[in-house]
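For reference, the structure is listed below as structure tokens.
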Amino acid sequence: MDKYYINENTLMIMPYNGIQSKVIESYISYVVNRRPYDIINDSCKSYGSSLQGRCEATDYMIGVKYKCPIVISEVKEIIMFPTTSAKKNSCMWINYNSIEKYSTKNSKESIIILKNGFKITLEISNHIISNQIFKSSRLESVLKSKKR
């Protein structure tokens, strides 16, 4: 697959074979011939902005500039967060609303279980995952307060 746009079934996007991505959806997964960064940027554009524009909006709304969660679609309430700097080839993107639970495996690893039962161990501390989830929660809260 050469193109993929994030939708309400997208749970996670992870690097795969260097220049590809593995996209995990609710009931299926795909290998896409694009890097996660490119899928995120293309998806942002398809919903009316760019990754840079979404990051600027996150900074404006909640004051986060580094490893910022981004709103892919306000209408579909899709918020994704990166596991590292977005430009790193090792960066994964996780749909904030797809997380069922997460826990610590050890000081340098975390386990995330998605709502479809997919379980993944990440080489990221629980502190970093908790921080990313907290920032995503703040972003979601600001968005919801604007809808009232």
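The values are calculated or read from the model by the stated rules, or taken from the named source; none is laboratory data. These figures come from a predicted structure and were not determined experimentally. Reconstructed Cβ throughout: ideal geometry from the backbone, glycine too, with neighbour counts over all protein chains shown. Ligands, DNA and RNA are excluded from the accessible area calculation, which covers all protein heavy atoms including side chains. Shrake-Rupley method; radii C 1.70, N 1.55, O 1.52, S 1.80 Å.
How do the peptides 75-83, 101-109 rank, highest first, by the average count of neighbouring beta carbon atoms within 10 Å per residue?
Values: 75-83: 19.8, 101-109: 11.9.
Result, highest mean first: 75-83, 101-109.
Once you've got the Cα coordinates, tell me which of K3/K65; K3/K115; K3/K105; K45/K108; K45/K105 are over 31 Å apart.
Beyond 31 Å between Cα atoms: K3/K105; K45/K108; K45/K105.
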request  = Can you check what the net charge comes to around E100, using other residues whose Cβ is under 14 Å from the Cβ of E100 (Lys, Arg +1; Asp, Glu -1)?
outcome  = +3
Point-to-point label distance, S46-D59, nm (Cα→Cβ direction, 7 Å offset) = 2.7 nm
Accessible surface of the chain [probe 1.4 Å, protein heavy atoms]: carbon and sulfur percent = 48 percent
note = Using alpha carbon positions and the Kirkwood radius, the Rg to Rh ratio of segment 74-148 is 0.99
key: Relative contact order, percent, the chain [alpha-carbon distance under 8 Å, six or more residues apart]   = 19 percent
inquiry  = Skipping prolines and chain starts, which residues have an amide H placed within reach, meaning under 5 Å, of the one on S73, given they are 5 or more residues away or on another chain?
reply    = I78
key: Modelled label reach - E74, point 7 Å along Cα→Cβ, segment 108-148 residues with backbone N closer than 15 Å   = 139-148
key: Calculated [θ] (222 nm, deg cm²/dmol) that DSSP helices of n ≥ 4 give over the chain, each run adding -39,500 (n - 2.57)   = -10000 deg cm²/dmol
ask   = With every protein chain left in place, what is the accessible area per residue of the chain in square angstrom, probe 1.4 Å?
value = 54 Å²
